[in-house]
Amino acid sequence: MERIIVYPGTFDPVTYGHIDLIKRALRIFDKVIVAVGRNPAKAPLFTTDERIDMIVRSIEPSENVEVESFDCLLVDFARKKGACAILRGLRAVSDFEFELQRAIMNRKLDRSIETVFLMTGFRWIYISSTIVKEAAQFGGSLEGLVPPHVEEAMRKKFGLSTVNGRANC
């Protein structure tokens with residue numbers, strides 16, 4: 001039986017930390033479904049289609065990774081996809097408290113779907129999509145944080161033409 005895990009998030013934008021978790025999850029599970037959430041409570045920088053495209057371009061082509069959007073309860077999506085688990089990345093202790101609450105609620109909604117926590121690789125422990133967006137907005141270098149095509153897309157969104165086009169303060 002194929003072991004499938006769903007890795008949900010907004011991925012606005014996808015970072016090397018996200019990519020690291022996808023690759024590491026493939027060592028444990030047969031298939032990873034990257035589920036790009038459509039959350040009306042959030043105002044993402046990129047459209048859902050743009051985020052999906054950036055993720056697809058960021059990962060090596062693989063029949064073991066799928067990328068798609070969802071706009072329902074996560075456990076309902078996971079069940080529909082035949083997943084046995086949900087992947088959540090942890091960077092710090094503060095992440096755990098938030099993620100534990102979600103995991104408990106998901107467990108209450110569907111006891112057959114486990115939550116698997118993976119620590120973010122040390123190289124990426126300080127990266128978040130929010131921090132990346134803030135740096136990009138003010139022209140900071142994103143080298144080593146996101147793939148080059150993601151950096152370029154962010155520069156276009158913020159109207160910056162150069163890699164180090166920092167605004168003067």
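The values are calculated or read from the model by the stated rules, or taken from the named source; none is laboratory data. Note that the structure is a prediction, hence the values are computed from the model and not measured. In this analysis, Cβ positions are derived from the backbone assuming ideal geometry, glycine residues included, and neighbour counts consider all displayed protein chains.
Here are the numbers for this structure:
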{"item": "Among residues of segment 60-106, those that are part of a helix (DSSP H, G or I), among the aliphatic types (A, V, I, L, M) and either in contact with a Leu (Cβ under 8 Å, 6 or more places away or on another chain) or surrounded by fewer than 17 Cβ atoms within 10 Å (Cβ to Cβ) (or both), counted", "result": "5"}
{"item": "Inter-residue pairs, beta-carbon under 7 Å, first assigned to a helix (DSSP H, G or I) and in segment 22-46, second surrounded by fewer than 18 Cβ atoms within 10 Å (Cβ to Cβ), 6+ apart", "result": "24/118; 25/118"}
{"item": "Search result, residues across segment 107-124 that are out of contact with any Leu (no Cβ under 7 Å at 6 or more places or on another chain) and without any contact (Cβ under 8 Å) to a residue 60 or more places away in the chain", "result": "107, 108, 110, 111, 112, 113, 114, 115, 122"}
{"item": "Filter pass, residue 42 being over 24 Å from residue 143 (Cα atoms), surrounded by 19 or more Cβ atoms within 10 Å (Cβ to Cβ) and either in contact with a Phe, Trp or Tyr (Cβ under 6 Å, 6 or more places away or on another chain) or not hydrophobic (A, V, I, L, M, F, W, C) (or both)", "result": "no"}
{"item": "Residues of segment 141-160 satisfying the condition of being surrounded by fewer than 17 Cβ atoms within 10 Å (Cβ to Cβ) and either free of Cβ contacts under 8 Å to residues at least 12 places away in the same chain or part of a loop (DSSP other than H, G, I, E, B) (or both)", "result": "141, 143, 144, 148, 152, 156, 158, 159"}
{"item": "Sole exception among (1) at pLDDT below 95; (2) not in a loop (DSSP other than H, G, I, E, B) for residue 8, by number", "result": "(1)"}
{"item": "Residue that is more than 19 Å from the chain's Cα centre (by Cα) and either within 22 Å of residue 8 (Cβ to Cβ) or not polar (S, T, N, Q) (or both), where the choices are 112, 129, 94, 141", "result": "112"}
{"item": "Pick from segment 17-37, criterion surrounded by 19 or more Cβ atoms within 10 Å (Cβ to Cβ) and touching a Leu at 6+ places or on another chain (Cβ under 7 Å), ranking: nearest to residue 129 (Cα to Cα)", "result": "21"}
{"item": "Given (1) closer than 22 Å to residue 150 by Cβ; (2) touching a helix residue (DSSP H, G or I) at 6+ places or on another chain (Cβ under 7 Å); (3) of a type in the set (Asp, Glu), number of the condition residue 60 does not satisfy", "result": "(2)"}
{"item": "Condition met for residue 14 (buried (at least 22 other Cβ atoms within 10 Å of the Cβ) and either of a type in the set (Asp, Glu) or assigned to a strand (DSSP E or B) (or both))", "result": "no"}
{"item": "Segment 70-88 residues that are touching a residue at least 24 places away in the same chain (Cβ under 8 Å) and under 20 Å from residue 28 (Cβ atoms), paired with ones that are surrounded by 21 or more Cβ atoms within 10 Å (Cβ to Cβ) and aromatic (Phe, Trp, Tyr) (beta carbon under 7 Å, 6 or more apart)", "result": "87/7"}
{"item": "Hits in segment 107-123 - residues which are surrounded by 14 or more Cβ atoms within 10 Å (Cβ to Cβ), part of a loop (DSSP other than H, G, I, E, B) and charged (D, E, K, R)", "result": "110"}
